[in-house]
Amino acid sequence: MTKSNPGNFFEDFAQGQRIAHATPRTVTEGDVALNIALTGSRYALFSADSFAQDCGLAAAPIDPLLVFHTVFGKSVPDISLNAVANLGYAEGKFLAPVYAGDTLHAVSEVLGIKANSNGKTGVVTVRTEGFNQDGAPVLSYVRWVMVNKRSEAAQTTDAPPKTPASLVTSSELLLPPGLDFTNYDFDLAGSPHAFEDYAVGEKIDHVDGMTVEEAEHQLATRLYQNTARVHFDALAQKQSRFGKRLIYGGVTISLARAIAFNGLANAAYMLAINGGRHVSPLFAGDTLYAWSEVLAKEDLGSAGALRLRLVAARKPCAAFPSKNDAGEYDPDVVLDFDYWATIPKR
Amino acid sequence: MTKSNPGNFFEDFAQGQRIAHATPRTVTEGDVALNIALTGSRYALFSADSFAQDCGLAAAPIDPLLVFHTVFGKSVPDISLNAVANLGYAEGKFLAPVYAGDTLHAVSEVLGIKANSNGKTGVVTVRTEGFNQDGAPVLSYVRWVMVNKRSEAAQTTDAPPKTPASLVTSSELLLPPGLDFTNYDFDLAGSPHAFEDYAVGEKIDHVDGMTVEEAEHQLATRLYQNTARVHFDALAQKQSRFGKRLIYGGVTISLARAIAFNGLANAAYMLAINGGRHVSPLFAGDTLYAWSEVLAKEDLGSAGALRLRLVAARKPCAAFPSKNDAGEYDPDVVLDFDYWATIPKR
Amino acid sequence: MTKSNPGNFFEDFAQGQRIAHATPRTVTEGDVALNIALTGSRYALFSADSFAQDCGLAAAPIDPLLVFHTVFGKSVPDISLNAVANLGYAEGKFLAPVYAGDTLHAVSEVLGIKANSNGKTGVVTVRTEGFNQDGAPVLSYVRWVMVNKRSEAAQTTDAPPKTPASLVTSSELLLPPGLDFTNYDFDLAGSPHAFEDYAVGEKIDHVDGMTVEEAEHQLATRLYQNTARVHFDALAQKQSRFGKRLIYGGVTISLARAIAFNGLANAAYMLAINGGRHVSPLFAGDTLYAWSEVLAKEDLGSAGALRLRLVAARKPCAAFPSKNDAGEYDPDVVLDFDYWATIPKR
């Protein structure tokens, strides 16, 4: 038996199966610094302990997206090493803040399997949960992946999952315990715009562009201990459809969110991920821009929440590139992401 | 009103105006490691807690240049987002050491404004100060920037600043409290040369060369949370005079200082910045070399101070490239920097 | 006298000479994060404090290879600045675990010198030791280097060293104090394979490939504060035999070990380095793959030890590229490395 991990194929998955993922990871100030260096993120809440303490937290929490990428990365060797495509994710909920020094591990449960008619692949739906060193859940999300079969002859019985919710409802949103925006310093945060200033339907061009280098996305993706080969092996990728390395979609999300600071500086803390689509691949050398649309607003009492659509593209976004009437995306759009973030009220 | 920050234009500045900058930043061991990885700095004082403790400090202080870049970065969105050129800086004083765990924020005061006769731009002079979480000032410097007007029609009244001092005098130099070189270990520091060994007028070729990659300067500049677009947006830069991304001048300074270790290993702690000129731009792919000249020496009692001129160029510096008799720089010179550093006496 | 360090030439070395190296270095969580980002290492023992604590340690130890590169880097300015070639190393022993916050320094002793008949170079053999802030040795290894003479006229007397041992014997292997694999979690570690599952002679293809960028190897080598010019100065390297920068061999070792996770996930902790050969240079743009062979097994009581041969090549390693019958290496092989690692017993 080979000692190297061949990954799971479609016929290896069964509904109800639980998979404990390697590798546990202590997230530290080193990761925080790298996350800033790799994305240019300027959200004050994640950047300064004193700012976070003035918001009622023990210290600057780890950017929820860094938590997401870390947990996601752990699931890759077991879930998507033999994936053809990541089809979607949903029901992403940040359940507790993570602080430097916490150790994360991840477990996935198979929610359902469904073979494709071509006999070569099938769709596996899993719920992946991240836990801290105390066993407390910090993140939960559902994703579905098209996975190759090891053998076309393998017989499988479909066990379809419950359809994931299209939206995390506002009643499911959890503010970090202790979060208190009473003394929020809008000057230090970099923007005067509070919950009340955003209108549903409002679109924001985030203006700035960021060109991505091979070294940068490789550093980020390795930081997340995500080992999917398509991101790292230029030699093998020469034979692929694209002929080159693909940038991990999580890198695109984090870059777009960092760019979105310019317009959403106070909407730092992500509460939930409703869904996301990686419309087309991003490659090294591309320059990423982003725009946002306010999809909904919810008053959570001590803070507001914005439901935001984040679109990232390979060209400036003053014209808000999106879909045409036929539902086809502008060819320069790479990401269409739907999430909730909390924001101070005035 | 657009939510993204358009930055201030010339007519938005007024003498006496104070601007509190975003984003506060906790500087950590993660930043220290990245600073070493990005520059190759080998100064023992910033590299080893035990060495710094043997010099009377609580721990290894943060390299003053990293403090400078962090504070400078904060001022960019408010001061120089619409700048045409950074014209100069002066009166840079490191007022207190910064340690891992400290949180920095920055405030600028407009010292003066002066419109240019072309009606399109003006010069804004500011004093920027960095503070730690206790509100203690850690850095103060003056810089003047040529800034675009939003509208040529805008009427402004000149309010010229006091001319900045051409030199921080030795009486203004502040040693870090507790600094004591009595037991200084020259072997561990990497050089036997003490204050007494340097002569005014002496030139030192620092020998080593460092080629800079796009990913490296982008990582460094994002680490400083400096978002000036010219460093990151290759697509927009294609339309610029240079056709490509410019390396942030602070990256050049830090690289040159790291290279200067080889000849100035004991002159680790920068006390003051007298001024600096970014003679020509540095681009990815260029290889940076550096040489120094001892401009002055001051005995501060418990330690010495050297006033040093640091010149960086795109070619080896054995011939000490500088200015010709007409005052024109060698075309390969990129930086001419004037600062004070402390150094142990024998 | 020039202030910049010209390095030692062959005639500067004498048997018995002890050289204390600059720069002491506090290894931190920042270095750990960078090591993960630069290599993609996923060994649970180095990644998670809680996992290491469940293995009886105080916290996640620093990856011994990071300790090796850090100590090695310190020796470069004194030992190999004027080296023509690194000929070999042996007797590498990790003597105590290093934890985040420890400060390392290094000392070398010259074991012997032997002039070459060409009159231009000679071989210097040194033992380099790394120590922590308490003066406790953490690493010891022997290396021999071909070093240029400053002057062909210089007279030297050969003082040959004792021949280094070809193997660190199992009785010399030191487990980290407290290490206890009783409750080892194979799921979290990412592999079910224990000591008992590996057979002498067994070969493992580690499957994954990693393309290396200039920025990446430069960041890593600077993190180690290794300043050998061949890794950084593209302009000078244009005149060299290869015409470009060489990747530091330590980067290759760390990448190959990170790749080797896929097949050796439980053999995380390196105990000793028997020897290694950098068969041919690695350049930016190359894609690295690796395979391993189990050379020997030793039961150390509370844990097992595997003696492993790690071969890295510029092409996939399913065919285990190595030497032909004439002893000539496959031209794509870059590294042939021989070490001991500990691994849990079932």
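The values are calculated or read from the model by the stated rules, or taken from the named source; none is laboratory data. Just so it is clear, the structure is predicted and the values come from calculations on it, not from any experiment. We place every Cβ from the backbone using ideal geometry, glycine too, and count neighbours over all the protein chains shown. What goes into the accessible areas is simple: the full protein's heavy atoms, side chains included, and nothing from ligands, DNA or RNA. Shrake-Rupley method; radii C 1.70, N 1.55, O 1.52, S 1.80 Å.
Taking other residues whose beta carbon is less than 12 angstrom from the beta carbon of C:Q237, and scoring Lys, Arg as +1 and Asp, Glu as -1, yields +3. Scalar couplings 3J(HN,Hα) for the stretch A:96-106, obtained by applying the Karplus form with A = 6.51, B = -1.76, C = 1.60 to θ = phi - 60°, are 7, x, 10, 10, 3, x, 6, 10, 9, 9, 9 Hz; x denotes Gly and Pro. With a simple spin-label model that places each label point 7 Å from the Cα along the Cα-to-Cβ direction, the separation between B:Q15 and A:N324 comes to 5.8 nm. Residue-wise HN-Hα couplings along the stretch B:216-224, as the Karplus relation 6.51 cos²θ - 1.76 cosθ + 1.60 with θ = phi - 60° gives them from phi, are 5, 6, 5, 4, 5, 5, 5, 4, 7 Hz; Gly and Pro carry x. The ellipsoid equivalent to the alpha-carbon distribution of the stretch A:1-127 has semi-axes of 35, 15, 13 angstrom, derived from the gyration tensor eigenvalues as √(5λ) and listed largest first. Rolling a 1.4 Å probe over the protein chains gives C:R18 an accessible area of about 140 Å². Computed over neighbours whose Cβ is under 14 Å from that of C:E328, the net charge equals -2, Lys and Arg +1, Asp and Glu -1. Please report the spacing between the Cα centers of the stretch B:212-237 and the stretch C:168-222 in Å, no decimals. Each part reduced to its Cα centre gives a spacing of 36 Å.
Backbone amide hydrogens, once placed in the peptide plane, bring A:L87 within less than 5 Å of A:W144, A:V145, A:M146, excluding anything fewer than 5 places away on its chain. Between copies, the label points at A:V200 (set 7 angstrom from Cα along Cα-to-Cβ) are spaced 7.4, 7.4 nm, reported in nanometres from shortest to longest. Given R₀ = 22 Å, what would the calculated FRET efficiency be for C:R241 paired with C:K120, taking r from the Cβ atoms and rounding to 0.05? Efficiency computed from Cβ-Cβ geometry: 0.85.
Nearest 100 Å², what total accessible surface is buried between chain A and chain B (probe 1.4 Å)? Please list the in-between numbers first.
Details: alone 14790 and 14790 Å², together 26530 Å².
Separately minus together, A and B give about 3100 Å² buried.
For the stretch B:105-257, what is one quarter of the convex hull surface built on the Cα atoms, given in nm²?
Numbers: hull surface 58.6 nm².
Taking the Cα atoms of the stretch B:105-257, their convex hull projects to 14.7 nm² on average.
Hey, what's the Kirkwood Rh for the stretch C:211-255 if you take every pair of different alpha carbons, in angstrom?
About 10.6 Å, per the Kirkwood formula over Cα pairs.
Over all Cα atoms in the stretch B:273-320, the spread is summed up by Rg and Dmax: 14.0, 44 Å. Sorted from closest to farthest, the other copies place their A:K244 label points 1.6, 1.6 nm away, with each point set 7 Å from Cα along Cα→Cβ.
Computed from phi, the 3J(HN,Hα) profile of the stretch B:247-255 under the Karplus parametrisation 6.51, -1.76, 1.60 (θ = phi - 60°) reads 7, 3, x, x, 5, 4, 4, 5, 5 Hz, with x in place of Gly and Pro. Compute the whole-percent fraction of alpha carbon pairs in chain A spaced more than 25 Å apart. Cα-Cα pairs of chain A separated by over 25 Å account for 52 percent. Annotation: amide H-H contacts under 5 Å for A:V333 (H modelled 1.01 Å from N, sequence separation of 5 or more, or interchain): A:R314. Show log10 I(q)/I(0) for the stretch C:235-292 at q = 0.13, 0.28, 0.30 Å⁻¹, two decimals, from a solvent-free Debye sum over equal Cα scatterers. Each listed q corresponds, in turn, to -0.44, -1.29, -1.38. Specify the longest stretch of chain C that does not include any exposed loop site, a site being one of the GluC sites (Glu not before Pro) with a non-H, G, I, E, B DSSP assignment and at most 11 other Cβ atoms within 10 Å. It works out to C:153-327.
With 27 Å as the limit, the listed pairs A:K114/C:K203; B:K297/C:K3; A:K74/A:K244; B:K93/B:K315; C:K114/C:K323; A:K203/A:K238 have A:K114/C:K203; B:K93/B:K315; C:K114/C:K323; A:K203/A:K238 beyond it between alpha carbons. Per residue, the stretch B:224-346 exposes an accessible area of 33 Å² to a 1.4 Å probe, with every protein chain left in place.
For the segment B:2-11, counting C-beta atoms of other chains within 10 Å of every residue's C-beta and taking the mean gives 5. Per residue of peptide C:142-151, the mean number of Cβ atoms on other chains within 10 Å of the residue Cβ is 0.
Between the alpha-carbon centers of the stretch A:269-346 and the stretch C:70-102, tell me the distance in whole angstrom. So the two Cα centres are separated by 49 Å.
The value given for the stretch A:204-346 is a Kirkwood hydrodynamic radius of 16.0 Å, derived from the mean inverse Cα-Cα separation.
Shown for A:E152: label points 7 Å from Cα along the beta-carbon vector, and their distances to the equivalent points in the other copies, 7.1, 7.1 nm in ascending order.
Averaging 1/r over each pair of different alpha-carbon atoms in the protein assembly as shown and inverting the result gives 29.8 Å, the Kirkwood hydrodynamic radius. Within the shell defined by Cβ-Cβ distances under 10 Å, the residues around B:L104 carry a net charge of +1, with Lys and Arg each +1 and Asp and Glu each -1. Working value for the stretch A:77-135: equivalent-ellipsoid semi-axes of 29, 11, 10 Å, each the square root of 5 times a Cα gyration tensor eigenvalue, largest first.
Shielding of peptide C:39-51 by partners, expressed as the average count of other chain Cβ atoms within 10 Å per residue Cβ, is 6.
The ellipsoid that matches the Cα gyration tensor of the stretch B:62-192 has semi-axes, each √(5λ) in whole angstrom, of 36, 16, 13, with the longest given first.
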